[in-house]
Amino acid sequence: MSMSSYPPPPTSDSNTATSGPTSAANTGPGSHNNAAQQVADGANANVNVIEAAVQAQSQFAIDAAAAAAAAAAAVAAAHHGLQALQAATAGPASGTSVAPPNSGASQPQQHAALTDASYLTTPPSVQSPGPGRDPTVNPKLTRLRRACDMCSQRKCDEQQPCRPCRELDVDCTFNRQMKRRGPPNKHAEAARAAKQARLEPNISPGPHNAAETLVSISGAAQESQRALDAEAIAPWPVLTLLIDDFFTYIHPLCPFPHEPTFRMSFTARQDRTNRGFLALLASMIGCLVASFPRTARLHLKTQQHGMQIYPKAITLIERCRSIALEARSPAFYSRDDISVYDAATSYFLGLAAAYTMQWKVCRRFMAEAMAFIRELGYHKPRDLGSSMFGVTYRGPSFNHVEDQLGKRLFWSMFVGLRSMYQLGTHHSDIVLPPPTATEPYPEFPVEVDDQYILPHQILGQPEGVVSLLTGFNQAIKIYMTMNGLVSVELSYGISTLAFQDQKVLLDESLQARLQPRTVQLTPHRKAGIR
């Protein structure tokens, strides 16, 4: 707005003023009327000019006041932020009265104020700082760290909402999952998967009635039984070699099970149908590996992934124990038909635990084996049997194979417990009292090898062939010399005796078994059956 746009104010000429009366005086009545009309028209024109000037001056004052207020708002925004700017610019728009500026202010100052406030007339799309962003703050600190879902595949102006979303009239969302840069963190992924498995239960459609439930349970049980066999321990060729090693190294010291019967069942793959046989097989292999770990290692090396499956011997031993216990099933201890093979399984599991220095597990299985032997009646001579609440436990009809296995198992327990006493185990852990006249021990096993023992009879040992049971019986007689010491230990404690009395007791025990006994390898020697 410039001063030239307004009409100029009226001016008075001195010549016209002085000549006005003279002309009027010189004219007549008509001239006087014309002069009056001219004066009236001039007065009206002056009034109109004055009114226009007043209106222009008022409009100029209002515009100047608004410009000054806008300039003051701009200055305040620099110091007081976005809130002061919004309050100042909203003043004139709301119809509030603005005080007129000082009349003494010069027009150049007003034009300067308008020039300084000219940025307020620029389009808001250019100067607007955008929603949620303070222009007084460093824009680099407030920029978004990621593009929205719509702009994830193209350039985004990183505002909220962004310009493309505003133009398309869509929601500006950030639901897209961010991908981690760099190599994947396997530990974090495993922890996340485990947490997800705990939070999301395994919901599967179940049976709709009781009949379908029973069918599903029985089907799952049969499937688990079919899946569990001897090859869950090791490949079949390795199992064959391990069984040969067992009967070579372990069986002479622990002469059970009956070798011909066991090999026949092993060849027939009864491990797939007889869970008791599978448990016995697993316990035998575990005992072998615990006694001779290098032998099993050599056999596993022949397989492609043998050493990867069992990098250490203890891994294979624990696997055998797990298979044996799984084959027994939880209902095993509620059975009434405990057999001598079940007792042998418990003994081998306890022996494997002893070889690996797991004494608590060893005592547990050894006590279980002794309980089975007592229940079957193999801890006493044959004619006495075993009675419990008036019921005699002798199992099925008499079987020479099982009878000899029961005796061998009892005497193996006897030797094993005496050995544990020598290693420091207390006698009260597994009590096996010495024989007495009223409760004697059973007979020694017959010195006949397995191939000559049949279920219905016992054949004689061939002439000139020494049975493996001969050395086994000699070991039993050596450990029988400890009966006197064991009696005193169980009754009073050996430490209650004086040292001289302890020495005398030990000498008497040794003299009782120092009588030499030679084995005559002559054709006239025949095995006797007791």
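The values are calculated or read from the model by the stated rules, or taken from the named source; none is laboratory data. None of the values given here were measured: they were computed from a predicted structure. Keep in mind that these areas ignore ligands, DNA and RNA; they rest on the heavy atoms of the full protein, side chains included. Shrake-Rupley method; radii C 1.70, N 1.55, O 1.52, S 1.80 Å.
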Note: the range 421-510, point scatterers on Cα, Debye, no solvent; log10 I/I(0) at q = 0.11, 0.21 Å⁻¹ equals -0.49, -1.08
So the compactness index of the range 224-283, its C-alpha Rg divided by 2.2 N^0.38 Å, takes the value 1.09
Sorted by accessible surface (1.4 Å probe, heavy atoms of the protein chains only), largest first, 245, 171 come out as 171, 245
Across all Cα atoms of the range 392-470, Rg and the largest Cα-Cα distance (Dmax), in Å, are 15.5, 44
A student applying the Cα gyration tensor rule (rounded when a/c is under 1.5; otherwise prolate if a/b is larger than b/c, oblate if not) would label the range 330-379 prolate
